[in-house]
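Asks: Can you keep this structure in mind? I'll have questions shortly.
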Amino acid sequence: MNILITGGAGFIGVNLVSYMVNKYPDYKIVVLDALTYAGNLQSLKSVEGKANYTFVKGDICDRTLLDKAFNEHQINAVMHLAAESHVDRSILSAEEFLRTNVMGTYTLLEAARSAWKDAEAGTKRWVFLNVSTDEVYGTLGSTGAFTEQTPYSPNSPYSASKASADHFVRAFYETHGLPTLTTNCSNNYGPFQLPEKLIPLMILNATEGKALPVYGKGDNVRDWLYVEDHCRALDLALHKGRFGQTYNIGGENEWTNIKLVGRICELLDELRPAAGGRGYDSQITFVPDRPGHDLRYAIDATKIKDELGWHAQHSFEQGLKDTVLWYLDNLGWCEDVRSGAYAEYYDKNYIGR
Ligand code: NAD
Ligand code: TYD
């Protein structure tokens, strides 16, 4: 396969690129990324120079650039991850979310359709894998889990833009026959996640002696999955997923935010004790809630388990510890990603201040 991975310089992207480049030396892995505040080439250092890896800087809204990339690299598979991904940013302004997540996905679909048509006579599997989120389903009450039959009911501008993209992907399958499928995954954690998201934010703020801002009462629930488990699911979906289908991916690993932040504090107390024997949980600060804050996400992953033989391999206990250690060992990377456009937004707008 010659695979175009969009958003390959972001959190899940860099983990996926490294997984695919190492697992498939005979494939061609082409990363296309605009390097927004969320994309970082330093994160791709481990694959730089590998024969099966190429990086293209570009925007998924740029049709001319997309056509060139599809032609030049004879692309026959797309793993589409490029997106604006942070809910809090989408609350302050949704414009970039519409541009990238909706218009960008549409432009990519059109470019893919054109490349797929040219290649249609060939015998190889041609596939467009759309990487989406469980947030499109909206919120759960205290019981139940999202299945692939749960109706879309997005509550944040972020999830509304992702839902729109998912509908276009589905429509291109139904209308044009483009071989597409969508995966809807729960919250990921692991190395290279930007420190605007809950887990890395708490690790860094704790060690820097800053407040640990918990929204509302901290009783919102997320279903956490180690990023490499997500990457393995995407690999399976790419090779074996049925076109026109959606697959839920999740860790069956629900945590309230306050319990999770408490667990991170305990790990830090053990791995990097604060001066004077003070517990890091003394830095927890309850701040005004996020508007429209979804109460609970939980995934029923029966379909991907039964059809594609996927299951999560990482325990949360080990995965979270490894993640805390990774951040403590990579403070230079954190400094780098927190400079420039990231800092400009964050210093002015951060909701938890
Ligand atoms: P991220 O914000 O860390 O990375 C996004 C990447 O997309 C960045 O490298 C950025 O430079 C790039 N990008 C943004 N706009 C672009 C554009 N117009 N053209 C080209 N590149 C552009 O996001 P992430 O957490 O790695 O998420 C990746 C994908 O997975 C997203 O589609 C997201 O909706 C989805 N997802 C994320 C999670 C999660 O927990 N992080 C869970 C489920 C699904
Ligand atoms: P986040 O990592 O932004 O992911 P998402 O909103 O896509 O689930 O947030 C995870 C949970 O943590 C969510 O319920 C919001 C909450 N949260 C805080 O309480 N404080 C924070 O500073 C952040 C960033 C998130």
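Asks: Kindly evaluate Y37 against the criterion of being within 16 Å of ligand 2 (Cβ to nearest atom), hydroxyl-bearing (S, T, Y) and in contact (Cβ under 8 Å) with a residue 40 or more places away in the chain.
Replies: Yes: the conditions hold for Y37.
Asks: Any idea which residue in the stretch 187-232 is farthest from G340 (Cα to Cα), counting only those that are in contact with a Gly (Cβ under 8 Å, 6 or more places away or on another chain) and hydroxyl-bearing (S, T, Y)?
Replies: Top of the filtered list is Y226.
Asks: Another question about this same structure. Look through the stretch 117-169, keep the residues that are surrounded by fewer than 17 Cβ atoms within 10 Å (Cβ to Cβ), charged (D, E, K, R) and touching a residue at least 60 places away in the same chain (Cβ under 8 Å), and return whichever of them is farthest from S85 (Cα to Cα).
Replies: Once the filter is applied, the top-ranked residue is K124.
Asks: Scanning for something at pLDDT below 95 and assigned to a loop (DSSP other than H, G, I, E, B), does the stretch 275-287 turn up at least one residue?
Replies: Yes, the conditions are met somewhere in the stretch 275-287.
Asks: Something else now. Just to be sure, is D62 out of contact with any strand residue (DSSP E or B) (no Cβ under 8 Å at 6 or more places or on another chain), touching a residue at least 40 places away in the same chain (Cβ under 8 Å) and under 24 Å from L181 (Cα atoms)?
Replies: Criteria met by D62.
Asks: Same structure, new question: Mind checking which residues of the stretch 240-291 are farther than 26 Å from L204 by Cα and surrounded by fewer than 14 Cβ atoms within 10 Å (Cβ to Cβ)?
Replies: Hits for the stretch 240-291 are K240, R242.
Asks: So, of the residues in the stretch 35-70 that are out of contact with any helix residue (DSSP H, G or I) (no Cβ under 6 Å at 6 or more places or on another chain) and closer than 13 Å to L4 by Cβ, which turns out to be surrounded by the fewest Cβ atoms within 10 Å (Cβ to Cβ)?
Replies: The selected residue is K68.
Asks: When the residues of the stretch 278-308 are filtered to those that are within 10 Å of ligand 2 (Cβ to nearest atom) and charged (D, E, K, R), which remaining residue is nearest to Y215 (Cα to Cα)?
Replies: Step by step, filter the stretch 278-308, then rank; the result is D289.
Asks: Give V127, V102 a once-over and let me know the one that is touching a Ser or Thr at 6+ places or on another chain (Cβ under 6 Å) and not small (G, A, S).
Replies: Working: V127 fails: touching a Ser or Thr at 6+ places or on another chain (Cβ under 6 Å).
Testing whether each residue is touching a Ser or Thr at 6+ places or on another chain (Cβ under 6 Å) and not small (G, A, S) leaves just V102.
Asks: Here is a list: T175, T182, T150, T143. Which entry is more than 13 Å from ligand 2 (Cβ to nearest atom) and closer than 27 Å to Q318 by Cα?
Replies: Only one candidate qualifies: T143.
Asks: Same structure, new question: Tell me whether the stretch 202-216 contains one or more residues that are surrounded by fewer than 21 Cβ atoms within 10 Å (Cβ to Cβ), at negative phi and more than 13 Å from ligand 2 (Cβ to nearest atom).
Replies: Yes, the stretch 202-216 has at least one match.
Asks: Continuing with this model, one more query. Looking at K210, K197 in this structure, which one is more than 16 Å from ligand 1 (Cβ to nearest atom) and either farther than 18 Å from L81 by Cα or charged (D, E, K, R) (or both)?
Replies: K210
Asks: Which count do you get for residues in the stretch 14-67 that are within 25 Å of T105 (Cα to Cα) and in a helix (DSSP H, G or I)?
Replies: Counting residues in the stretch 14-67 that are within 25 Å of T105 (Cα to Cα) and in a helix (DSSP H, G or I) gives 16.
Asks: Give the residue that is farthest from ligand 1 (Cβ to nearest atom), with candidates limited to residues of the stretch 13-32 that are touching a residue at least 40 places away in the same chain (Cβ under 8 Å) and in contact with a strand residue (DSSP E or B) (Cβ under 7 Å, 6 or more places away or on another chain). So that I can check it myself, show each step before the final result.
Replies: Residues of the stretch 13-32 touching a residue at least 40 places away in the same chain (Cβ under 8 Å): 13-16, 19-20, 23, 28, 30, 32.
Within this subset, residues satisfying the condition of being in contact with a strand residue (DSSP E or B) (Cβ under 7 Å, 6 or more places away or on another chain) are 13, 16, 20, 28, 30, 32.
Details: G13: 5, L16: 9, M20: 14, K28: 19, V30: 13, L32: 6 Å.
Top of the filtered list is K28.
Asks: Only helices (runs of 4 or more DSSP H) wholly contained in the stretch 124-241 count here; list those with 3 or more residues that are of a type in the set (D, E) and within 18 Å of the chain's Cα centre (by Cα).
Replies: 227-240
Asks: Condition check: under 19 Å from the mean Cα position of the chain (by Cα), within 30 Å of W126 (Cα to Cα) and not acidic (D, E). Does G319 satisfy that?
Replies: Values: under 19 Å from the mean Cα position of the chain (by Cα): yes; within 30 Å of W126 (Cα to Cα): no; not acidic (D, E): yes.
Considered against the rule, which asks whether it is under 19 Å from the mean Cα position of the chain (by Cα), within 30 Å of W126 (Cα to Cα) and not acidic (D, E), G319 comes out as no.
Asks: For residues in the stretch 71-90 being more than 13 Å from ligand 1 (Cβ to nearest atom) and not in a loop (DSSP other than H, G, I, E, B), which is surrounded by the fewest Cβ atoms within 10 Å (Cβ to Cβ)?
Replies: E72
Asks: Please enumerate the residues belonging to the stretch 155-195 that are in contact with a His (Cβ under 6 Å, 6 or more places away or on another chain) and within 13 Å of N130 (Cα to Cα).
Replies: The one that is in contact with a His (Cβ under 6 Å, 6 or more places away or on another chain) and within 13 Å of N130 (Cα to Cα): C185.
Asks: Tell me which residues, restricted to the stretch 309-340, are more than 28 Å from L238 (Cα to Cα) and within 16 Å of ligand 2 (Cβ to nearest atom).
Replies: V324, Y327, C334, V337, R338
Asks: Only one of these is more than 21 Å from K321 (Cα to Cα) and touching a residue at least 40 places away in the same chain (Cβ under 8 Å): L178, L268. Name it.
Replies: Among L178, L268, only L178 is more than 21 Å from K321 (Cα to Cα) and touching a residue at least 40 places away in the same chain (Cβ under 8 Å).
Asks: How about the stretch 249-274: which of its residues are polar (S, T, N, Q) and not in a strand (DSSP E or B)? Let's see the steps before the verdict.
Replies: Initial filter on the stretch 249-274 (polar (S, T, N, Q)): 253, 256-257.
N253, N257, listed by residue number.
The values are calculated or read from the model by the stated rules, or taken from the named source; none is laboratory data. Quick caveat: nothing in here was measured; it's all calculated off a predicted structure. Glycine gets a Cβ as well: all are built from the backbone with ideal geometry, and neighbour counts include every protein chain shown.
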